[in-house]
Amino acid sequence: MRCRWIAAAFIGLLLSATAQSQTTALPAHSFFHVQLGNSASAQPISGRLLLFAVEAKAAEAEEKTESDGKSSVVDEVDANPFSATQTSVAAREVSRWTPGQINDIDADQLAFPAGYSQLPPGDYYVQAVLDVDHTYNYAGRGAGDLVSEVVKLHLPIASIPTLTLSKALPARDPWTLSASTPAAIRALLPEARQHANLVEFVSPSLSAFWGRPITMRGWVLTPPGYDAKAGKRYPTVYYTQGFGGNNDRVGGPLATVYAAMSKGEMPPMIWVFLDESSPTGTNEFADSVNNGPWGQALTTELIPQLESQYRMDAKSGGRFLNGHSSGGWATLWLQTRYPKIFGGTWSTSPDPSDFHDFTGIDLYAPHANAYRKPDGSAYPLVRDHDKVLGTFEQFAKLERVLGTYGGQLGSFEWVFSPRGKDGLPLPMFNRDTGDIDPAVVAYWRDHYDIAFRLQHNWPQLKPDLDGKIHLFVGTADTFYLDGAAHRLQAVLDGLHAKSSFTFLPNRTHFDLYVQGKDRQGLLKQISWQMYAVARPDSTLKAPLQPVQ
C-alpha cells in the first residue's frame, strides 16, 4: 500500500509540472493551484493545506435555513462530522511556502470521501485553508490559519483553477459569549471576569518527560464574596472540558457558573476549569507512555500548588470532579485512579469506560473490526436519535485527511496505546481495513479499561471509592456512549458497589443538561449534590424549581 502511495505521489508531481505549462489540458487527477497571497503572510510558512468543496445548491439551502431565509450566501466551506460525506476534503503538507508562490494540490491523492475527479458534475463552492499549527482535527480553523475566499466553480473544469490564500484568521476573544447566552449571564460577565484567574503552571514531571517546559493551563473561578484574606474555605470542583475544548473556549461555562452562584442557583464553591487539550488531542489527565504523566502532574503538583494559593478545603471530602464527554472519561478516570484524593465524580456522557462497548464496537471480540459488524453492515458512530448521521469508518477516514494527529480517534491512541518503534503510539485499528489489533487492545484493557480495572482491583479500591461514582448519560446519546455506561453499571452492581447511574430518556450528547427551560439545569443539580457531601450540616439548600 505504501509503495502505491509513493508511486502515485511521483506521478502526481509529473502531472503537476505538465499542468503548469499546459493549463488547458485536464490531468487524470483533479488538481488545484493554491497561491500564498502577500496579504496573508509576509514570511515563509508551513502547515497542512486543506481544500474543501461542497455542492452549491445544498450549501445555499443550508445557509438559507440557518439564516431563517435572510441569506443564501456561502462564506465558508468546512467539514462537518455530523454529515461526514457532504463536504469533500483534500489535503497535503507544505513547508516553507513563500509569499507569491503557488503550490499544487492533487485533490485525488489524499481525499475524503473520494477524489475530486469522482464528484458528480455540477456547481460547487470551494475554499482552501492552511492549517498552520496542525490543530484542525481538534479545534477546526483558528487564529493564524490562512484562508482563501469561497469560490464557485463548475466541476470538472477544463483548466486548473487557482485559489489564493488571502487572509489570516484573527485570534478569538475567549470572553466572547455565544449569541444564545441569556442577558442575565451577559450582565454578570464583567464581575465574573474579576473572579477568574488564569492558571499557567510549568509542571516539573511533564517537563522532564518531554525535555522542555510543559505548561498546565486552566482558570480558577472564585465565588461571589470570596476574600483571600478571610478564614472561610470552600469546596472545590475540578471541571474538565470535552474534546475540542481549551482555555480559550471556557468563557461561557465560567460565566454561567458565576451567574448561577450569584443568584443562589448554585452553592458557593471554587471551580477549577482544567484545560486538557494538547497537540495530540486530549491528555485525559491520565499517565501515558506517549503524552507523559498528566495524572501525576495534576494530583501531585498542580492541585497542591492551587491549594496553597486559594482558600480551598484541601481535603478529599471537598474535592470534586465534573466533566462531559472526553472530560467525563477524564473525571471518571481520575476518581477511580486516585480515590483517596477526590471526594466524588459527577461524570456526564463519558467516553467508553468498558471497551466491550467502544461506541458500540466490542474491541475484545475475535477478529474484531472497527468498520464492519460480523454481518458486514457498517458500525454507526454518530446519530440523531434513530437516524444514523455517520459511520465509524467515515469518521476515521475524514480524520486521516484532516491531519495525522489531534483527532478524536487518534487522541485515544495517544493516551491508551503502547509506543511503537518509531516513537508514535501503535494504532488500535487499521485505517484502511478497520481491522483491530488484539495486542494493542490487550494493552488498552490492562491500563485504561475502567470497568476491567474496577473488577480486578475492587477489594483494594472499595474503602476509598465506594459511593463516589455518579454518572449521567442520555439514552439517545449522539455517539452511542450509553452502551458502555450500562456495562460499567453492571460491573459495579456485580461488585455490590455503591454508585449512582442516571440514564435520561431520549436525551442526546448535547441536550443532557437541559431541565425545562434551563439549559444548565443538570449542572446546578450536580453542584448541590457535591455541596451536600462537603457541607452535610449546611442550612444552605438548592432553591425550589418552578413547575415546568
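Here, each number is a calculation from the coordinates, and none is a lab measurement. The structure displayed is predicted, hence computed values, not measured ones. Reconstructed Cβ throughout: ideal geometry from the backbone, glycine too, with neighbour counts over all protein chains shown.
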Quiz item: What order do you get for 125-131, 298-304 when each peptide is scored by the mean count of other beta carbon atoms within 10 Å, highest first?
Solution: 125-131, 298-304
Quiz item: Can you give the Rg to Rh ratio for segment 485-548, taking only C-alpha atoms and Rh from Kirkwood?
Solution: 1.04
Self-check item: More than 21 Å apart - percent of Cα-Cα pairs taken over segment 209-366
Solution: 48
Quiz prompt | Among Q515, Q489, S499 the positive-end extreme of the charge dipole of segment 425-548 (Cβ point charges) | solution = Q515
Quiz item: Once both labels are modelled 7 Å past Cα along the beta-carbon direction, what's the S180-S72 spacing in nm?
Solution: 2.6
Quiz prompt | Values of log10 I(q)/I(0), in the order q = 0.12, 0.26, 0.28 Å⁻¹, for segment 179-257 under a Debye, Cα-only, solvent-free model | solution = -0.47, -1.29, -1.36
Quiz item: For the chain, with only Lys/Arg (+1) and Asp/Glu (-1) charged at the beta-carbon, what is the dipole magnitude about the Cα centre, in debye rounded to 20?
Solution: 1300
Self-check item: Helical contribution to [θ] at 222 nm, DSSP H n ≥ 4, -39,500 (n - 2.57), averaged over the chain, rounded to 500
Solution: -8500 deg cm²/dmol
Quiz item: Can you give the charge dipole size of segment 376-464 about its Cα centre, rounded to the nearest 20 debye, using +1 on the beta carbon of Lys and Arg and -1 on the beta carbon of Asp and Glu?
Solution: 100
Quiz item: At what distance in angstrom do the alpha carbon centres of segment 135-207 and segment 349-410 lie from each other?
Solution: 27
Quiz prompt | Radius of gyration, Dmax [segment 374-426; alpha carbons; angstrom] | solution = 13.7, 43
Exercise. Using a cut-off of under 19 Å, list every residue of segment 78-108 whose amide N is near the label point 7 Å from the Cα of L169 along the Cα-to-beta-carbon line.
Key: 78-84, 86-94
Quiz item: Given a Förster distance of 25 angstrom, what is the FRET efficiency for A314 paired with V289, based on the Cβ-Cβ distance and rounded to 0.05?
Solution: 0.20
Quiz prompt | Taking all pairs of distinct alpha-carbon atoms in segment 97-201, Kirkwood radius in angstrom | solution = 17.8
Practice problem: Compute the length gained on full extension between T404 and T300: take 0.36 nm times their separation in residues and subtract their Cα-Cα distance, giving the result in nm to one decimal. | Solution: 34.2 nm
Quiz item: So what does log10 I(q)/I(0) come out to for the chain at q = 0.06, 0.09, 0.10, 0.11 Å⁻¹, using the Debye formula with one equal point on every Cα and no solvent?
Solution: -0.33, -0.73, -0.90, -1.08
Quiz item: When averaged across all projection directions, what area in nm² does the alpha-carbon convex hull of segment 414-548 cover?
Solution: 12.2
Self-check item: Separation between Cα centres of segment 427-448 and segment 464-528, rounded to whole Å
Solution: 27
Practice problem: Quick one: of K517/K541; K373/K498; K64/K152; K70/K397; K315/K462; K462/K524, which pairs are farther than 24 Å apart, Cα to Cα? | Solution: K373/K498; K70/K397; K462/K524
